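S.K.: Can you keep this structure in mind? I'll have questions shortly.
The values are calculated or read from the model by the stated rules, or taken from the named source; none is laboratory data. Model, not experiment: these values are computed from the prediction. All Cβ positions, even for glycine, are placed from backbone atoms using ideal geometry, and neighbour counts span all protein chains on display.
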Amino acid sequence: MNLTPDEEATLDGEKGPGYQKAMEIIVALGKIYEADNLVAIWSAQVSGVSYQNIGDAGLEFLEEWASMGATCSVQATLNPAAVDLRSWKEFGFPEDIARKQLRIIDAYVKMGIQPTCTCVPYLIGNLPQFGNHVAWGESSAIAYCNSIIGARTNREGGPSSLAAGLVGKTANYGLHLTENRKPELTIQVECPLKSGADFGALGYFVGKRGGNKVIYFQGIRRATLEDLKLFGASLATYGSIALYHIEGFTPEASIVSPVSKTVIVTEDDLKQAYGEINSPLARVDFVALGCPHNSLEEMKAIGQSLQGKSLKSELWVLTARPIKEAAEHLGLDKPILAAGGKIIADTCMVVAPIKEFGFHTIVTNSAKACFYSQNLHNLQVRLASLEKCIDVAVSGIWS
């Protein structure tokens with residue numbers, strides 16, 4: 001690899017062991033993927049945060065690295081934790097998990113990372129511009145960053161995103177290169193997409209067939225920020241899709257061309273996707289909204305749907321702490337709380353210790369959450385629109 005004198009000095013340890021460790025990781029990845037050089041990044045989104053995921057080994061790894069004195073040289077934000085950092089006791093999260101989670105957060109803070117604990121960094125201030133290079137972990141945020149913003153990131157893991165944040169650089173390969181951002185498969189959508197759940201079902205169908213290809217979508221007529229947030233999460237979960245283009249919507253769709261290899265998606269295909277995702281269930285003990293974390297607009301919609309109602313199923317509304325605080329300031333939290341719902345920040349149903357709460361079933365508007373709830377937490381799952389999720393939370397049954 002072609003390193004600058006400053007990069008060589010960092011690699012040789014002249015700036016301290018913390019930066020040296022980071023540069024060793026970045027250079028090793030660059031050599032594996034045959035990168036010619038490093039590229040400066042605008043920001044990092046660091047994954048590998050939840051104690052549920054990284055355990056004691058991860059905690060010790062981070063505390064050791066933090067003790068070396070290195071701090072981030074660019075804006076760096078954190079992925080969700082295993083608990084609500086401020087109200088874990090109120091919500092019933094286990095104390096042993098909470099205490100270790102707080103130590104993980106402390107280690108990250110020592111390294112200069114903002115303890116944002118959200119999977120939607122682009123909604124709380126970590127918002128790169130078109131063409132910026134970044135190093136992001138969190139598969140749904142990666143898809144959003146590449147596709148909707150038009151910034152450039154590979155699928156980074158916890159150590160590599162942290163390392164990039166510390167040195168302010170990443171290896172210049174993969175989706176950082178223009179030639180690798182061209183479509184490899186065209187998807188022609190010939191069915192209406194009426195909800196975020198429909199986008200999630202489409203993501204399931206395409207992810208299963210698209211692998212890690214760059215996809216070009218045609219035929220999508222409407223899409224909100226919230227729809228696309230759920231869409232990218234599903235594409236990345238059921239495939240490994242980090243970049244897609246939507247004709248008429250995404251910023252690079254007009255500067256690339258669809259390829260001739262095309263898959264057509266019909267209404268029957270969408271129904272099949274729902275059928276494969278969903279489990280048979282009747283009574284519902286848990287409804288969860290916020291994977292990826294809810295936007296302020298979604299908080300408003302949930303509150304309006306719950307106005308004057310009371311819940312029979314446990315309802316978690318999950319969001320980033322700044323969005324929760326904005327919702328409180330605007331009074332959007334009141335109908336949710338009055339109905340008996342819980343507004344939880346910093347974590348989500350994927351990386352929280354859900355088994356500790358004794359749930360058996362989950363209804364959600366997130367196809368990504370369906371996958372992980374089934375495979376990590378052994379829950380029976382149902383994917384539904386936000387409106388249907390609220391109806392189920394109020395009635396306590398799936399009908």
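S.K.: Can you find, within the stretch 1-25, the residue that is nearest to Ala171 (Cα to Cα) among those that are small (Gly, Ala, Ser) and not in a helix (DSSP H, G or I)? First the steps, then the outcome.
M.R.: Pass one, the stretch 1-25, residues small (Gly, Ala, Ser): 9, 13, 16, 18, 22.
Add one more test, that the residue is not in a helix (DSSP H, G or I), and what stays is 13, 16.
Details: Gly13: 19, Gly16: 20 Å.
Across the stretch 1-25, the extreme among qualifying residues is Gly13.
S.K.: Additional query: Name every residue in the stretch 374-399 that is touching a helix residue (DSSP H, G or I) at 6+ places or on another chain (Cβ under 7 Å) and either assigned to a helix (DSSP H, G or I) or of a type in the set (Gly, Ala, Ser) (or both), in order of residue number.
M.R.: Start the filter on the stretch 374-399 by keeping residues that are touching a helix residue (DSSP H, G or I) at 6+ places or on another chain (Cβ under 7 Å), which leaves 377, 379, 381, 383-387, 390, 398.
Selection gives Ala384, Ser385, Leu386, Glu387, Ile390.
S.K.: Scan the stretch 336-349 and give yes if some residue there is at pLDDT below 95 and either in a loop (DSSP other than H, G, I, E, B) or not assigned by TED's automatic domain parsing to the domain that holds Thr364 (or both), otherwise no. Steps first, answer last, please.
M.R.: Applying the first criterion (at pLDDT below 95) to the stretch 336-349 yields none.
No, the conditions are met nowhere in the stretch 336-349.
S.K.: Please go through (1) out of contact with any Phe, Trp or Tyr (no Cβ under 7 Å at 6 or more places or on another chain); (2) touching a residue at least 60 places away in the same chain (Cβ under 8 Å) for Arg221 and return the number of the only condition it doesn't satisfy.
M.R.: Here Arg221 clears every test but (2).
S.K.: Scan the stretch 299-328 for residues that are under 17 Å from Tyr122 (Cβ atoms) and either part of a loop (DSSP other than H, G, I, E, B) or within 16 Å of the chain's Cα centre (by Cα) (or both) and report the count.
M.R.: 5
S.K.: Okay, next question. Could you pull out the residue among Tyr244, Tyr204 that is in contact (Cβ under 8 Å) with a residue 40 or more places away in the chain, farther than 28 Å from Lys355 by Cα, surrounded by 15 or more Cβ atoms within 10 Å (Cβ to Cβ) and in contact with a helix residue (DSSP H, G or I) (Cβ under 9 Å, 6 or more places away or on another chain)? Walk me through it before giving the result.
M.R.: Numbers: Tyr204 fails: farther than 28 Å from Lys355 by Cα.
Unique residue meeting the criteria: Tyr244.
S.K.: Return yes when Leu235 is assigned by TED's automatic domain parsing to the domain that holds Asn212, under 29 Å from Gly174 (Cβ atoms) and touching a Gly at 6+ places or on another chain (Cβ under 9 Å) and no when it is not.
M.R.: Answer is yes for this residue.
S.K.: Which of the residues belonging to the stretch 71-103 are within 23 Å of Ala164 (Cα to Cα), touching a Gly at 6+ places or on another chain (Cβ under 9 Å) and surrounded by fewer than 24 Cβ atoms within 10 Å (Cβ to Cβ)?
M.R.: If the condition is that a residue be within 23 Å of Ala164 (Cα to Cα), touching a Gly at 6+ places or on another chain (Cβ under 9 Å) and surrounded by fewer than 24 Cβ atoms within 10 Å (Cβ to Cβ), then Thr71, Cys72, Ser73, Val74, Gln75 are the ones that fit.
S.K.: Within the stretch 355-380, how many residues are out of contact with any Leu (no Cβ under 7 Å at 6 or more places or on another chain) and crowded, with 24+ Cβ neighbours inside 10 Å?
M.R.: Of the residues in the stretch 355-380, 4 are out of contact with any Leu (no Cβ under 7 Å at 6 or more places or on another chain) and crowded, with 24+ Cβ neighbours inside 10 Å.
S.K.: Would you point out which residue out of Cys119, Cys72 is among the hydrophobic types (A, V, I, L, M, F, W, C) and under 14 Å from the mean Cα position of the chain (by Cα)?
M.R.: Values: Cys72 fails: under 14 Å from the mean Cα position of the chain (by Cα).
Going through Cys119, Cys72 in turn, just one is among the hydrophobic types (A, V, I, L, M, F, W, C) and under 14 Å from the mean Cα position of the chain (by Cα): Cys119.
S.K.: If you don't mind, another one. Of all residues in the stretch 104-118, which are under 14 Å from Gly48 (Cα atoms) and touching a helix residue (DSSP H, G or I) at 6+ places or on another chain (Cβ under 6 Å)?
M.R.: Ile104, Ala107, Pro115
S.K.: Any residue in the stretch 312-338 that's over 19 Å from Gly396 (Cα atoms): show its pairings with residues that are in a strand (DSSP E or B) and polar (S, T, N, Q) at Cβ separation under 6 Å, as long as the two are six or more apart or on different chains.
M.R.: Thr319/Asn294
S.K.: Please give the number of the condition Tyr173 fails out of (1) under 29 Å from Pro17 (Cβ atoms); (2) among the aromatic types (Phe, Trp, Tyr); (3) buried (at least 21 other Cβ atoms within 10 Å of the Cβ).
M.R.: (3)
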